[in-house]
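Worksheet: the structure to be examined is printed underneath.
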Amino acid sequence: MKIGVIGAGAVGTACLLASVMRGSAREIVAVNRDRKRAKGVATDLRYGAVLSPSVDIQDGDYPDLAGAALVMITAGVNEKAGGATDRSDPAGRLRLLDKNVAVYRQILPRLFEVAPGAVVLVVTDPPDPLADLARAFGFRRVMSTGTFLDSLRFRYHLARHLNVDPKSVEAQVVGEHGTSQVFLWSSARVAGVPVAEAPRARIEQEVRFANIAIIEGTGASQYGIGMVCARIAEIVLRDERAVIPIGSFNPAYGVTLSLPSVVGRAGVERILEPVMSDEEKQALRRSADTLRSALKFTAA
């Protein structure tokens, strides 16, 4: 099956690389505003792909996305260029919204013409309100990458503190992929055993601002999200019905936010409401309020 990646910048290239190396799809189309860049990236990957599971990777334009089961949108202004790297700024990634709404308003109509039934995976920051913008354009199968990567970071830092394999840690971040995200400490487990003690404030700080720490070192936070997007593509194309924390429109909150969800060929097929403490429930409502406030801007 075919997937598309719109945007061949740092994140888009990482998504393409991870998808090729994991064998996430049989056919991949890279689309970029500068077709020459998309062609260069696709050509470079094509040579190395000889060592990966069989894949046909091509550069293309929007008509080449027709028939794609899933399209990732990574285009837009990133955190460094958009001035969203101040740890003391409560807006965080939401500071990029106005600029990236303008980018998406150029992309979405063209994509809708050729692939209205595709699962759309919004990767560009801030992904949650941009996913709601995609829904407003008529797409019905829309997901944001949401807190999937945040949850992996949470698991990693907990595992490092406990000196165990991250794969043995069950821990989730829900709500906004941003500063209002909610850590579900009440359900954090290692092999079913509750996490009794952990430096919560330090771990939350490391997870919440991991992207900024990476950007300060490399200029872009790209590889982790690239691997996450490749995994999401596999889940959709293989109709795995895997349960992951991912962003989708939630009628109960009136916005796109992340909760554990069953994901398959149609995108999010069912949202699960985890057991939460009263404090976590209140924090999730505040996170939804933050996202609703951001949405008022996109409608302006």
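The values are calculated or read from the model by the stated rules, or taken from the named source; none is laboratory data. The structure displayed is predicted, hence computed values, not measured ones. Cβ: placed from backbone, ideal geometry, glycine included. Neighbour counts: every protein chain shown.
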Quick check on region 235-242. Is at least one of its residues surrounded by 18 or more Cβ atoms within 10 Å (Cβ to Cβ), hydrophobic (A, V, I, L, M, F, W, C) and in contact with a helix residue (DSSP H, G or I) (Cβ under 6 Å, 6 or more places away or on another chain)?
no
Any chance residue 76 is outside the structural domain of residue 231 (by TED's automatic domain parsing), over 25 Å from residue 288 (Cβ atoms) and surrounded by 16 or more Cβ atoms within 10 Å (Cβ to Cβ):
no
Does residue 25 meet the test of being of a type in the set (A, V, I, L, M, F, W, C) and either in the same structural domain as residue 214 (by TED's automatic domain parsing) or part of a helix (DSSP H, G or I) (or both)?
no
Conditions (1) assigned by TED's automatic domain parsing to the domain that holds residue 99; (2) surrounded by fewer than 22 Cβ atoms within 10 Å (Cβ to Cβ); (3) in contact (Cβ under 8 Å) with a residue 24 or more places away in the chain -> residue 127 fails only (2)
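From the list 98, 150, pick out the single residue that is of a type outside the set (Gly, Ala, Ser) and either crowded, with 22+ Cβ neighbours inside 10 Å or farther than 24 Å from residue 221 by Cα (or both).
Criteria check complete, one pass: 150.
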Those strands (runs of 3 or more DSSP E) lying entirely in region 230-300 with at least 2 residues hydroxyl-bearing (Ser, Thr, Tyr)
255-264
Residue among 62, 47 that is under 25 Å from residue 132 (Cα atoms) and aromatic (Phe, Trp, Tyr)
62
Residue list for region 244-273, restricted to those being among the β-branched types (Val, Ile, Thr) and surrounded by fewer than 20 Cβ atoms within 10 Å (Cβ to Cβ):
262, 271
